[in-house]
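What follows is a single structure, written as structure tokens, with notes after it.
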Amino acid sequence: MPSLALILLAIYAVAILALARGRAAAGAEDFLLAGRRLSLPAFIATLVTTWYGGILGIGEYAWRFGISTWVVFGLPYYLAALVFALWLAPRLRAGAAMSIPDLLRDAYGGGARLTGAVAVYALTLPVAYVLMLAVLLGQLTGWPMPLAVAVGAGFSALYVGVSGFRSVVRTDLLQLVLMYSGFALLAAAALGRTGGIEGLWAALPADHRSLDGGRGWQAVLVWYLIALQTMVEPAFYQRAFAARTPRVARTGVILSVAMWAVFDFLTITCGLAARVLLPGLDDPLTAYPALAGLVLEPWLAAFFTLALFATVMSTLDSYLFLAAATVGHDLATDAPGEPAERRRTRWGLLLSATLAGAGALLFDSVVTVWHHVGSVVTSALLLPVVSVHLPARWRSTGGAATASMTLSAAVALAWILAADDAGYPLGLEPMFPALAASVLVWAVDRVSAGAQRG
């Protein structure tokens, strides 16, 4: 099977490079946002694929904790995305901003813009996705982890740099077809082995049939806070900014939620089947590849391997480009200008691929990366970014917004570092005290502003 998968992967790589070439970007807005001309099908394809690069992490979680995967990684994100669609998406497209830091600058000033840009960069740096791609490459080729990381991150940076966001969108269309067809094949074959949905359900351990997966409700509810990351998710904002019209932005997110629900059914079913058919699996991160090797014929297993690559790469390239755009558009301090911005963004691709690769060598759990980064950065960005869309009297001053982002990120990071074998301090997930710190700064600032007006 590895030789078959390598043949398909080579064909896929050539196709990706061909799709990435296309028409060269005409300016900074064209390079970063595809000229703000995304059609509804292109919008849906690029948003749906971008939100699913953590596919091995879904398999890991489903194998470990069962149907709570849907409660943790499905439902809260659907709800948050619908709020984004109905409230934020049309507003964002109607404005002139090109990034979250642009919004922070307009509302709070340059200090908040720079602080927000650092947070956005941390959120978009694709450590988890480089890790997953490297795991897949290592399994397929036998390469050592450092080589697999370098090849995966380097190839992604290469094709994204050709024409920027247009490269991401064009390749996402192919990747969408591959990811859905691959998991449909695997789910059908796996259910055939387990006796259908009823047989699969009956064979699951009791904890895997519970909504909290046996972990307790705080461990589940924290993901509902982490899902609020959608309100500050750079990939959502970029696509809303790039949509052809406000209506495309709103409708595109709503239809994407429906497509995510279908894909969740496929992926979680496969993860549960892996738990039943491979109960002694040494590394749950490999649940999907191991299941494919068990239930699919060689050519179909090779095709599924390609679908896994496409699923991971569709998110890796999006976040890698977002990180690079943050360097080129938001963090750069030299004079603005379209050629310079494209040049800085391409250098940002190299920097971001390098840093993401280094991070991938430090972590061995995708879920851990999601949890830690989501806890720190979502806590920092949530209140200041959401407040941008509220009436002026509810917004912090520029200094308070910067202080809120800095303090809440510091509290979340300190909480994570203070964890021991017994868990987090006071038994609280990091986002709870971090968001409390953010709200405290906001409340003090609003009271102070009210007193000054009085």
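The values are calculated or read from the model by the stated rules, or taken from the named source; none is laboratory data. All values derive from a computational prediction rather than experimental measurement. Don't worry about glycine lacking a Cβ; one is built from the backbone with ideal geometry, like all the others, and counts go over all protein chains shown.
Key figures
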{"item": "Scope the range 398-419; condition surrounded by fewer than 17 Cβ atoms within 10 Å (Cβ to Cβ) and either at pLDDT below 90 or within 12 Å of Ala107 (Cα to Cα) (or both); matching residues", "result": "Gly399"}
{"item": "Residues that are farther than 13 Å from Trp260 by Cα, of a type outside the set (Val, Ile, Thr), part of a helix (DSSP H, G or I) and more than 16 Å from the chain's Cα centre (by Cα), drawn from the range 78-102", "result": "Ala85, Leu86, Trp87, Leu88, Ala89, Pro90, Arg91, Leu92, Arg93, Ala94, Pro101, Asp102"}
{"item": "Scope the range 108-124; condition surrounded by fewer than 23 Cβ atoms within 10 Å (Cβ to Cβ) and within 15 Å of Ser318 (Cα to Cα); matching residues", "result": "Ala122"}
{"item": "Helices (runs of 4 or more DSSP H) within the range 244-332 that include 2 or more residues aromatic (Phe, Trp, Tyr) and out of contact with any Cys (no Cβ under 6 Å at 6 or more places or on another chain)", "result": "246-277, 298-325"}
{"item": "Some residue of the range 267-284 being under 19 Å from the mean Cα position of the chain (by Cα), in contact (Cβ under 8 Å) with a residue 40 or more places away in the chain and farther than 12 Å from Arg64 by Cα", "result": "yes"}
{"item": "Within the range 264-285, tally of residues that are closer than 16 Å to Tyr52 by Cα and at pLDDT below 95", "result": "1"}
{"item": "Filter result for the condition that a residue is surrounded by fewer than 19 Cβ atoms within 10 Å (Cβ to Cβ), on the phi > 0 side of the Ramachandran plot and modelled with pLDDT of 95 or more, over Gly216, Gly195", "result": "Gly195"}
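The rows are residues; the columns are (1) touching a Gly at 6+ places or on another chain (Cβ under 7 Å); (2) at pLDDT 75 or above; (3) not polar (S, T, N, Q).
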residue	(1), (2), (3)
Asp330	no, yes, yes
Pro339	no, no, yes
Thr345	yes, yes, no
Thr354	no, yes, no
Ala360	no, yes, yes
Ser365	no, no, no
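Residue-wise test of (1) in a helix (DSSP H, G or I); (2) buried (at least 16 other Cβ atoms within 10 Å of the Cβ); (3) without any contact (Cβ under 8 Å) to a residue 12 or more places away in the chain; (4) of a type in the set (Lys, Arg).
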| position | (1), (2), (3), (4) |
| --- | --- |
| Ser167 | yes, yes, no, no |
| Leu176 | yes, yes, no, no |
| Met179 | yes, yes, no, no |
| Ala188 | yes, no, yes, no |
| Gly199 | yes, no, yes, no |
| Pro205 | no, no, no, no |
